[in-house]
Amino acid sequence: MKLTNEELKQKIIELKNRLSVTVVAHFYQRDEVFEMADITGDSLELAMKTKDDNAEFVVFCGVAFMGQSVKVLSPHKRVVMPKAACCAMARMIDGIYFDNSIKFLEERGITKENILPITYINSNADVKAKVGEMGGLVCTSSNAKKIITTALGEGKKILFVPDRCLGQNIANQMGLKSMVIGHEGNPSEVDIICYDGFCSVHQLFSVDDINFYRKKYPGILIATHPECDPAICDASDFVGSTSQLIKFIQELPAEQKVAVGTEFNMVNRLRPKNTYILSSTKPECPTMNETTLEDLYLTLKSIDDGKPINEIEVDETTQKWAKIALERMLAL
Ligand code: SF4
């Protein structure tokens, strides 16, 4: 017989108390899974917080690149995922597409030595490793500006993967020239060359949505994530990473209305009143939403049975170079 959510929660708590596990959950997880976590945060916060954690197992409720980041930074830890879910954006690039992007630039007269790759943390370990091997580094949406400023100091062309929107938004903010591979532009004439990846969830917001809210509620603020299209970010009052958005919204006066352009689950639990979702379509991340309470329970049970499921493995070479790329970011 199928267990109810309350029964599942009871069993999860019992197993958590008995096993050497830390359950971590990204902000975009379903509410009932999020409630069961010992540590919550955005992707980098979770990798950093679990580094200092003493439990044998990290049970990661999120998407694959996040679990990989924990494993890369703390290879001695055993990382399991209740659902082997993949971020759609991270899946838009792999080692082969990365190599092809380098080739694209070489064919246009830019030598490999003159390219500095930067990968958004939303990429799989193989891409982070490629970036690390080329002397590049990782960035998050909150530190991208700082990372790019430092990288520009090396006097090289920046190849930014995989999120074209984040790359373009940061370039716009900094007054830099950018282009997207496969679109109009000459790599020799720009500062940042972006790979053509994107987050399907953050593409759901439109300038029409912004106009709708501004007309309906004069004085409303528009807050968006830099994974949204540059046209959306340009028309927003505040653009920030997940953690920056949380802080911005929570510090608003209670009566201030705000429409937010980012993932539904997070926005929904942020502020009970005067907070709106900036879309007529529910912007839920389908892969983040794959993890259910039952998956979490079955994963903990598999650890208890001595046969952990969905354990993250990263080969030694990938781990080494991906860690270098992540640590270059952390050093900044
Ligand atoms: Fe990936 Fe977008 Fe989902 Fe984040 S919201 S995990 S970037 S698909």
I'd like to know if segment 206-224 contains one or more residues that are within 28 Å of LYS323 (Cβ to Cβ), within 16 Å of the ligand (Cβ to nearest atom) and either open to solvent by 60 Å² or more (accessible area, probe 1.4 Å) or not in a helix (DSSP H, G or I) (or both). no
So ALA254 clears everything in (1) of a type in the set (A, V, I, L, M, F, W, C); (2) over 20 Å from the mean Cα position of the chain (by Cα); (3) not in a loop (DSSP other than H, G, I, E, B) except one condition, right? Which one? (3)
Tabulated pairs, segment 118-140, first in contact (Cβ under 8 Å) with a residue 40 or more places away in the chain and part of a helix (DSSP H, G or I), second among the acidic types (Asp, Glu) and more than 16 Å from the ligand (Cβ to nearest atom), C-beta under 9 angstrom, 6+ apart or interchain: ALA125/ASP315; LYS130/ASP99; GLY132/GLU327
Name the residues in segment 285-332 that are within 16 Å of the ligand (Cβ to nearest atom), of a type outside the set (S, T, N, Q) and either assigned to a helix (DSSP H, G or I) or open to solvent by 60 Å² or more (accessible area, probe 1.4 Å) (or both), would you? PRO286, MET288, GLU290
SER142 passes all but one of the listed conditions (1) open to solvent by less than 10 Å² (accessible area, probe 1.4 Å); (2) within 15 Å of the ligand (Cβ to nearest atom); the exception is number (1)
Scan of segment 17-33 for residues that are surrounded by fewer than 19 Cβ atoms within 10 Å (Cβ to Cβ) and part of a helix (DSSP H, G or I), ordered by number: ASN17, ARG18, ASP31, GLU32
Going by the conditions given, is SER279 within 16 Å of the ligand (Cβ to nearest atom) and either touching a residue at least 24 places away in the same chain (Cβ under 8 Å) or among the basic types (Lys, Arg) (or both)? yes
From the residues in segment 72-106 that are over 27 Å from LEU298 (Cα atoms), β-branched (Val, Ile, Thr) and part of a helix (DSSP H, G or I), which one is least open to solvent (accessible area, probe 1.4 Å)? ILE102
Flag for ALA231 being among the aliphatic types (A, V, I, L, M), open to solvent by less than 10 Å² (accessible area, probe 1.4 Å) and part of a helix (DSSP H, G or I): no
List pairs: first in segment 14-37 and within 16 Å of the ligand (Cβ to nearest atom), second assigned to a strand (DSSP E or B) and among the aliphatic types (A, V, I, L, M), Cβ under 8 Å, 6+ apart or cross-chain? VAL24/ILE39; VAL24/VAL58; VAL24/VAL59; ALA25/ILE39; VAL33/ALA25; PHE34/ALA25
Going through segment 211-239 one residue at a time, which ones are closer than 25 Å to MET179 by Cβ and small (Gly, Ala, Ser)? ALA231, ALA235, SER236
List the number of the failed condition for PHE57; all other conditions in (1) farther than 22 Å from ARG271 by Cβ; (2) aromatic (Phe, Trp, Tyr); (3) within 16 Å of the ligand (Cβ to nearest atom) hold. (3)
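The values are calculated or read from the model by the stated rules, or taken from the named source; none is laboratory data. The model shown is predicted, which means the values in this text are computed figures rather than measured ones. Cβ coordinates were reconstructed from backbone atoms using ideal geometry, including for glycine residues, and neighbour counts include every protein chain displayed. Remember, those area values only see protein heavy atoms, side chains included, never the ligands or the DNA or RNA. Shrake-Rupley method; radii C 1.70, N 1.55, O 1.52, S 1.80 Å.
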